[in-house]
Structures are given as structure tokens and as C-alpha cells.
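S.K.: Starting off with a structure, shown below.
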Amino acid sequence: MSIRERLSGNEAIATAMRQIEPDVFAMFPITPSTEIPQYYAAYVADGRVSTEFVCMESEHSALSACLGAEAAGCRAVTATSSAGLSYMNEVLYVAGSMRLPVVIAVSCRALTGPININHDYSDSMAERDSGFIQLYGENNQEAYDNYLMAHRIAEHPDVRLPLMVCEDGFITSHAIENIELEEDAAVKAFAGTYEPEHYLLNPNEPLAAGPYGISAYYMEARVAQAEAMKRAKKVILDVASDFENTFGRHYGLFEAYRMEDADIAMVIMGSSAGTAKAAVDRLRDKGIKAGLIKVRVFRPFPGEELAEALKNCRAVAVMDKSEGFSSCGGPLFAETASACINLDSRPKMIDIVYGLGGRDFTVKAAESVYERLCGIASGKDIGPVYSHMGQREG
């Protein structure tokens, strides 16, 4: 039976971790994810978990310790943000290539410079091709639920890939919301235990981890990793289906909001989706057929499924909360546009970069995006395909 509670996103994730009780938590603090290991340290001190809690000298070392633990056969976790995730960069790629299903909680925060501690996705998007599965949540409930599903997905024999559970720094991580928690025993049963097929401490199977990949083997290893990421889509949906049957809440690769007959649509991620949904509702009240796609799974990217959901729209705005510095738009736009490239009839598509460094995104701002889409759908000039929103002019 679900338990009604009021928690911040960070405490919700820490609670999910406590309920799953990983073998190892290796940590180094950084705003705004610091509360996650802080809460977990209290659980350890109070004897509520038997996790080996290790304080490291850097984020690079924290993830390295997780990899050592995972390679030895343990379930290992950590949490980080912003420059901390960037400092892990080298080890992120090692985790993916070694197929070690470590789970990282990321409270997404802008990258330097200038120095900024507020939210955007520049940290997680910078690591989108590191080989990690990436799940994004709109609110505290989704942050908690995504974490409950994370280990089942990452550790599945068809996947064996590391995973990031991403929440919006401060907006989600520190804001307190009503949430439904599940009972400890039910969570533990759902998450199961980590049972790797091969691990360093198995006396019956001596092996090496992280070997040198010469030219005769490197590409095959990378292709195997890529195929595992493809298979992860089905596993994510299968785990979500079991989650719905167990706890009653539904999740897919993305959420299609009022898309059944939409002429215009927005593609967006995270907490901003709640703001944009309010704009969609207002427009629907005026008879405007507006819809929204909230991307929950960015890696593996649900390209085919997203294209199918957008194919009947006349105009689409992709909202990027990170700057790709490509001169052509942000990463969500690049992925979405490429997914739609082979549609027989595809929508006109624009990219809007917004919300950088915590800049506000309001219902009025979302409505202005839909107003532009209405013009494009009625035959007006598309204007700049790639633009920014919310910045001071001049």
C-alpha cells in the first residue's frame, strides 16, 4: 500500500536508495546533489542499512570506487551534479564499456562558465554519449519511481549498462512535494538482488576486467555495447509494465499529453513539462489543437516512437535546456529532427534553447512558443530554425 508523504526530490531518491539498500555508496559532495549522500549517511549511522558508505577525495574517485565494487559483484551507487559529473567523464566511458550497471543519481545543474549552481541540462547532456542509460523525471514522484526501476533496467542480462537517474537541480531536488512512497518490503522485492554472471571475486571463474582492446576486438566490443543500448528500450518498457502492475503508476519512453489530434506540439523534458502542460490546457480551451511530448528516456533515444507520435503534426517546437554550441541547435533538437527525417510527411520543426542557468520558464512563455507554431502551421514563414528564449536583448 502506498504511503503519502511530503519529500524533496533528493530525499525521495535517498529513500529509494535506502529501500533498495545497495552494497556500496561511494560519494563526493557537490551542490545540488549533496543532500542525497547526506541523507544516506544518516541511514548508515542509524543502522537502517548495511551499505558500505565510502567518502572519496573526488567525483572521479567516487565513480572509480563504484566500478571496482560492481566488478567485484556488488551493487554500487553514487550521486553528483554539474562539474562533478564532468570530472567523472573518463570513468563514465569506462563504466559503459565494461558493462557495469552502476546507477548514478544526477541533480542536473549548469556547467561553468560563468559559475552557476542552478538548473539546466548542460551536465547530463554533455555525457549523453558516454554509454549510460538516461532517465529524466518531471517531478519528485517520477524521480523516486525512476530510481525504483533503475537497477532492474541496468542489471538486466540483455542490458548490463550503467544508468543515470536525472532530476532538475533545486527545482526538483530541493522543492518539497506530495509523493507516494511504497513499503520497504515491496520495493526490495521489486528491485530484487544483483546477481552478476561474471565477477572478480568468484573463485570458480578467474577473470580480468577492463582489458586493452586492440584493433581486432575494439569495434566488436563497441557494437555489442550499442546493441545492448538498443535492447534497453524493450527492457525499460517491460520493467515499467511490471512497475505499473505492482504499484499502479504508468511510465513509457515518453509521455504524450493531449497528442491524439494535435496540429502543433512541443517536445520538452523535465519539470518544464508541467509548465507547458498548463499552456496546452489553456490553448485547448480556446479550441487550438496543441499537444506535448515529455521525453522521459533520452538514452536510448526513442526515435521511431517519437517520430510516430509527431507524424501528424504540422509544426513542432523542440525545447532544449542546454546549449549545444553546434550553431544548429541543442541536443534534443538534433535527436528529434533526425528521428523524423524519413517520415513521408513530417512537421515543420524549430529549436528553442531556454532556461539556461535557471532562467525562468513560465506558462506565458510556453504560450508564446505555441503562438509561433500556430503561425507556422498556417503557412507563415518558419523564421529562425534555432533561437534562444528568455535572454535579455542587446
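The values are calculated or read from the model by the stated rules, or taken from the named source; none is laboratory data. Just so it is clear, the structure is predicted and the values come from calculations on it, not from any experiment. As a convention, Cβ positions derive from the backbone with ideal geometry for all residues, glycine included, and neighbour counts pool all protein chains shown.
S.K.: Among the residues of region 161-180, what is the count of those that are over 20 Å from T34 (Cα atoms) and buried (at least 21 other Cβ atoms within 10 Å of the Cβ)? I'd like the intermediate steps shown before the answer.
M.R.: First, pick out the residues of region 161-180 that are over 20 Å from T34 (Cα atoms): 161-162, 178-180.
In the following step, the residues that additionally are buried (at least 21 other Cβ atoms within 10 Å of the Cβ) were identified as 161-162, 179.
Qualifying residue count, region 161-180: 3.
S.K.: Exactly one condition in (1) surrounded by fewer than 23 Cβ atoms within 10 Å (Cβ to Cβ); (2) under 14 Å from M266 (Cα atoms); (3) under 18 Å from the mean Cα position of the chain (by Cα) is not met by N312; state its number.
M.R.: Tallying (1) surrounded by fewer than 23 Cβ atoms within 10 Å (Cβ to Cβ); (2) under 14 Å from M266 (Cα atoms); (3) under 18 Å from the mean Cα position of the chain (by Cα), N312 fails exactly one: (3).
S.K.: Let me ask something else about it. Filter region 92-128 down to residues that are among the hydrophobic types (A, V, I, L, M, F, W, C) and under 11 Å from the mean Cα position of the chain (by Cα) and give me whichever is surrounded by the fewest Cβ atoms within 10 Å (Cβ to Cβ). Walk me through it before giving the result.
M.R.: To start, the set of residues in region 92-128 that are among the hydrophobic types (A, V, I, L, M, F, W, C) comprises 92, 94-95, 98, 100, 102-106, 108, 110-111, 115, 117, 125-126.
Pick out the ones that are also under 11 Å from the mean Cα position of the chain (by Cα) and you get 104-106, 108, 125.
On the way: I104: 29, A105: 28, V106: 30, C108: 30, M125: 23.
Here the answer is M125.
S.K.: How many residues are acidic (D, E) and crowded, with 18+ Cβ neighbours inside 10 Å when one looks only at region 256-266? Give the derivation first.
M.R.: At the first step, the residues of region 256-266 found to be acidic (D, E) are 260-261, 263.
Filter again for crowded, with 18+ Cβ neighbours inside 10 Å, leaving none.
Counting residues in region 256-266 that are acidic (D, E) and crowded, with 18+ Cβ neighbours inside 10 Å gives 0.
S.K.: When you scan region 103-208 for helices (runs of 4 or more DSSP H) that lie fully inside it, which ones turn up with 3 or more residues that are among the aliphatic types (A, V, I, L, M)? Lay out the reasoning, then the answer.
M.R.: Values: elements: 122-126, 140-154, 184-191.
Output list reads 140-154, 184-191.
S.K.: Can you give me the number of residues within region 42-68 that are in a helix (DSSP H, G or I), under 16 Å from V102 (Cα atoms) and more than 23 Å from the chain's Cα centre (by Cα)?
M.R.: Quick first cut of region 42-68, residues in a helix (DSSP H, G or I) only: 42-45, 59-68.
Retained after the next criterion (residues that are under 16 Å from V102 (Cα atoms)): 59-68.
Among the residues that remain, those that are also more than 23 Å from the chain's Cα centre (by Cα) are: 68.
Selection size over region 42-68: 1.
S.K.: Can I ask one more? Of the residues D320, D360, which single one is of a type outside the set (A, V, I, L, M, F, W, C) and touching a strand residue (DSSP E or B) at 6+ places or on another chain (Cβ under 6 Å)?
M.R.: Details: D360 fails: touching a strand residue (DSSP E or B) at 6+ places or on another chain (Cβ under 6 Å).
Step by step, each of D320, D360 is checked, and only D320 is of a type outside the set (A, V, I, L, M, F, W, C) and touching a strand residue (DSSP E or B) at 6+ places or on another chain (Cβ under 6 Å).
S.K.: Return the pair list, or none, for Cβ contacts closer than 9 Å from residues in region 198-226 that are closer than 17 Å to V91 by Cβ to residues that are assigned to a helix (DSSP H, G or I) and basic (K, R), at least 6 apart or on different chains.
M.R.: Pairs found: G213/R222.
S.K.: Only residues in region 163-184 that are farther than 10 Å from R109 by Cα count as the first member; pair them with residues that are assigned to a strand (DSSP E or B) and of a type in the set (G, A, S), Cβ under 7 angstrom, at least 6 apart or cross-chain, and list the lot.
M.R.: Listed by first residue and then by second, the contacts come to V165/A105; S173/S8; S173/S107; H174/S8; A175/S8; I176/S8.
S.K.: Something else about it: Can you find a residue in region 337-344 that is hydroxyl-bearing (S, T, Y), over 30 Å from V239 (Cα atoms) and either touching a Ser or Thr at 6+ places or on another chain (Cβ under 7 Å) or in the same structural domain as S272 (by TED's automatic domain parsing) (or both)?
M.R.: First, pick out the residues of region 337-344 that are hydroxyl-bearing (S, T, Y): 338.
Now drop any that are not over 30 Å from V239 (Cα atoms), which leaves none.
No, there is no match, as no residue in region 337-344 is hydroxyl-bearing (S, T, Y), over 30 Å from V239 (Cα atoms) and either touching a Ser or Thr at 6+ places or on another chain (Cβ under 7 Å) or in the same structural domain as S272 (by TED's automatic domain parsing) (or both).
S.K.: For the subset of region 267-286 comprising residues that are over 19 Å from E167 (Cβ atoms) and touching a helix residue (DSSP H, G or I) at 6+ places or on another chain (Cβ under 9 Å), which member is surrounded by the fewest Cβ atoms within 10 Å (Cβ to Cβ)? Write out each step before concluding.
M.R.: Going through region 267-286, the residues over 19 Å from E167 (Cβ atoms) turn out to be 267, 278-286.
From what is left, the residues that are touching a helix residue (DSSP H, G or I) at 6+ places or on another chain (Cβ under 9 Å) are 267, 278-280, 282-283.
Numbers: V267: 27, A278: 13, A279: 22, V280: 26, R282: 16, L283: 21.
Once the filter is applied, the top-ranked residue is A278.
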